């Protein structure tokens with residue numbers, strides 16, 4: 001048994017195959033962006049939520065928490081924290097506000113960020129907005 | 001070392017190993033924080049230690065890739081590097097920018113760092129692996145462009161081989177895809193979607209090209225097998241890598257709000273993603289079995305084979321473990337993900353950089369291979385690091401499975417923190433394995449300083465490989 | 001390569017088989033045996049293509065076996081999903 | 001790559017150990033040994049290029065996974081799939097199957113013609129094959145526009161998600177296959193392929209036959225069985 005295995009054919013498959021799948025990816029991504037509006041809760045994307053997202057990023061919350069399962073695995077998942085806290089933004093704000101400055105001895109501790117009330121509102125609204133995104137009802141249960 | 005300008009790679013490799021040590025130290029801090037929650041709190045909270053750990057990892061692997069390219073391209077193109085001075089200048093800029101960013105993470109709270117660096121003008125901070133301030137990101141882009149210009153000009157004026165072509169495609173892909181880190185829309189779903197274009201299309205796309213090219217180069221040099229055979233394999237491996245990897249990105253689009261057809265596409269194509277890593281293991285072992293010469297650098301051969309195997313285990317097997325959407329529904333964002341991340345990154349990218357270092361460092365120090373004693377110490381370092389990484393992954397997988405069972409799969413799911421307390425035993429064991437990893441790294445670094453009778457004459461029985 | 005005449009015969013046979021298979025689509029409810037018949041027709045057509053059109057008839061056994069086994073394997077899986085009542 | 005022994009078909013005792021050297025030995029070239037010249041392409045030769053066969057195997061695996069998941073999900077909600085399949089036009093599916101079968105036939109004949117050295121005839125057969133492919137593309141696009149106009153989109157329900165994904169993914173392979181066939185036709189026209197050097201054409205032909213093979217399975221799976 002013998003077979004030809006030429007480098008040029010292998011190279012053609014590399015270029016042809018990659019280009020083919022890049023085009024398929026571009027097509028699917030284009031379709032996804034068209035299909036997103038009914039899923040990504042953009043109607044509730046207010047300026048306050050955008051401000052909340054900026055606060056979320058500028059305080060590196062993703063350094064301990066996961067959001068929609070992505071981030072650090074040190075602290076609870078926050079995509080459904082709004083539901084977990086009984087659909088009540090005040091509870092979220094109270095929790096963030098009441099973090100002790102030098103932490104709880106012996107426990108994983110969340111820093112005290114000294115947010116103003118307006119910042120707390122923005123963060124809570126952001127977490128509410130994220131919880132209403134249609135993410136194929138993930139996480140499996142309220143615990144996240 | 002055929003060309004003088006290849007020695008530019010030396011500082012890059014030294015910086016890479018230095019940052020590697022930093023990464024492991026902060027890894028150990030985090031490992032301890034998992035079990036002693038308030039360790040170093042509030043001085044170094046967990047999120048800061050994590051940023052330093054992940055950013056040091058990416059920066060030291062990038063240093064390794066750049067060093068490998070500066071060593072490989074001149075030898076492949078059979079011409080001197082276009083501008084060694086530019087390479088050294090970029091080295092210092094990248095090192096200083098990196099160091100400043102790490103100091104920024106540690107010295108001031110992250111929000112203040114965002115304030116100082118004017119994040120509001122173009123907010124790109126705060127996302128995993130992309131926490132660098134916007135100005136640092138711009139610095140990275142400049143360094144990357146200068147680097148690609150430097151190696152690109154070298155390839156243009158020299159011989160064009162499949163290895164340098166694949167490496168260049170990988171490097172250009174790396175630079176272009178990094179630009180997506182500047183796209184940070186208010187819409188969190190779009191933000192995450194294109195964040196994966198940086199992260200996934202790097203580590204499961206273009207980085208596999210760089211990995212393949214470096215591995216092929218080292219295998220040509222240490223086995224003497226004909227370039228034609230090795231380049232055929234290289235093309236097949238990178239073809240499979242991109243064919244499966246590009247749509248394989250779908251396995252990140254399961255639960256972030258994107259339409260549900262991604263669950264089908266992502267599962268099917270990411271299930272095929274282990275194929276290129278399996279081919280890479282076959283490739284490494286096949287070439288070494290059919291070697292035409294006994295290269296005195298045994299350590300580099302061990303690294304090459306180890307890289308193939310560990311990449312297949314970590315990225316292939318552990319990846320497949322939780323890539324199918326029905327499984328991922330439960331393991332998404334759990335310690336199973338962390339286990340896969342550790343072994344995949346070490347097996348594929350950390351090991352290939354160390355394989356290149358192990359092959360090229362002796363040559364840059366004026367010898368064909370290190371002394372027998374030095375190679376034995378290096379192999380001890382290899383086995384200590386690799387075995388402890390296997391244990392880290394096993395312990396995290398145990399933690400992940402228990403976490404999924406208690407927190408998600410059972411009909412009376414417990415809260416996150418309650419579950420974390422019950423799986424603390426795995427975190428203790430993982431921390432222990434991490435300490436052994438640091439010991440292994442220490443032994444590896446020590447191997448560079450072991451005296452002994454180096455091999456200086458090339459014993460190539462067969463004609464030296466082209 | 002098969003002779004021209006043989007290829008033409010095979011082609012016409014395959015066209016005919018396809019039309020027979022398509023006829024079953026209109027039936028209201030396919031019994032398991034009918035499903036087996038349709039899939040068996042597909043296996044025959046596939047075998048013809050692999051052997052004569054792809055010229056694997058005298059290719060190494062490894063490749064011929066792999067390609068020949070593909071469609072029967074997939075057909076088995078499909079019949080299995082019809083046989084086992086999941087819902 | 002395990003270098004296979006190239007044992008001559010008329011091995012007279014000492015089997016000639018010609019480990020296929022790195023650059024591919026063009027098998028079809030006559031191998032002159034002391035005893036005699038061996039016939040052109042010895043039996044047991046894999047047509048086309050091994051690289052293409054790796055690609056074909058990968059595609060077949062991907063589609064096998066897609067078919068199996070389709071079958072399992074169909075079994076999970078049979079009435080949704082039955083109702084969806086009723087909405088499909090069996091005549092279009094049948095026409096497409098006949099078209100692809102015929103174009104596969106013409107490609108096979110074209111390869112035979114080139115081996116027989118009849119370039120002109122091969123071009124005609126290839127053009128026929130490509131036009132059959134074009135017919136498939138047109139029929140498929142009309143099918144899609146019809147079902148989209150009825151409001152069925154990829155996100156409508158599980159059936160249409162699978163229907164669109166499977167058939168569109170196969171459709172793109174038909175388009176890629178047609179590009180390959182066009183490239184081959186140009187090279188045949190230029191006389192690039194001869195009996196001694198046909199691997200390139202055989203690879204393209206085998207890819208096209210694979211595309212037809214996949215549709216052979218897709219047709220009953222999606223259109224006929226319910």
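Coordinate-derived values only; no laboratory data. It should be emphasised that the depicted structure is a prediction, and the values quoted were computed from it without experimental measurement. Note that each Cβ is placed from the backbone with ideal geometry, even for glycine, and that neighbours are counted across all protein chains shown.
Observations, loosely collected:
- Protection-proxy order for peptides B:51-60, A:40-49, each taking the mean of Cβ atoms within 10 Å per residue, highest first: B:51-60, A:40-49
- Three-way shape label, the protein assembly as shown, alpha-carbon gyration tensor, a/c 1.5: oblate
- Choice from A:114, A:102, A:88 showing the highest fluctuation, given a GNM over chain A with Cα pairs closer than 10 Å: A:102
- Global geometry of the stretch B:146-283, whether rounded, prolate or oblate, following the gyration tensor of its Cα atoms and the 1.5 cut on a/c: oblate
- Order of C:82, A:82 - criterion: other Cβ atoms within 10 Å of each residue's Cβ, fewest first: C:82, A:82
- Cα gyration tensor shape of the stretch A:41-144, rounded if a/c is under 1.5, else prolate or oblate by comparing a/b with b/c: oblate
- Choice from A:55, A:25, A:123 showing the highest fluctuation, given a GNM over chain A with Cα pairs closer than 10 Å: A:25
- log₁₀ of I(q)/I(0) at q = 0.09, 0.16 Å⁻¹ - the stretch B:1-160, Debye sum with one point per alpha carbon: -0.36, -0.89
- The residue C:4 and residue D:146 beta-carbon pair, evaluated with R₀ = 56 Å, returns a calculated FRET efficiency of approximately 0.90.
- Of interest is the spacing of the C-alpha centroids, which for the stretch C:24-40 and the stretch D:136-170 amounts to 24 Å.
- Cβ-Cβ FRET estimate between residue D:91 and residue B:183, R0 fixed at 41 Å, reported to 0.05: 0.30
- Plainly put, chain B has a radius of gyration that is 0.96 times its Kirkwood radius, both from alpha-carbon atoms, as the Rg/Rh ratio.
- Here the label points at residue B:439 and residue B:96, each 7 Å from Cα along the C-beta direction, are separated by 4.1 nm in the simple model.
- Inter-chain Cβ neighbour average for residues C:16-29, partner chain, 10 Å: 4
- Sites residue B:85 and residue A:118, calculated FRET efficiency, Cβ-Cβ separation with R0 30 Å, nearest 0.05: 0.05
- Top of A:14, A:30, A:95 by mean-square fluctuation, Gaussian network on chain A, Cα under 10 Å: A:14
- For chain B, the 222 nm mean residue ellipticity estimated from helices alone, with every DSSP H stretch of n ≥ 4 adding -39500 (n - 2.57) and the total spread over all residues, rounds to -23000 deg cm²/dmol.
- C-alpha long axis of helix B:207-223 to longest principal axis of chain B, angle in °: 30
- Extension gain for residue B:115 to residue B:368 (0.36 nm times residue separation, less C-alpha to C-alpha distance): 85.9 nm.
- Short-range pairs are left out: with C-alpha atoms under 8 Å and at least six residues apart, the relative contact order of the stretch B:1-160 is 31 percent.
- Degrees, to the nearest 10: B:9-35 long Cα axis against longest axis of chain B: 30
- Burial ordering of B:115, B:453, B:204, B:273, fewest other beta-carbon atoms within 10 Å first: B:453, B:115, B:273, B:204
- Per-residue Cβ neighbour counts within 10 Å put D:138, B:457 in the sequence B:457, D:138, beginning with the fewest.
- With respect to chain C, whose longest principal axis is taken over its alpha-carbon atoms, helix C:61-83 is tilted by about 10°.
- The stretch B:321-398 and the stretch B:44-120: distance between their alpha carbon centers, rounded to Å: 21
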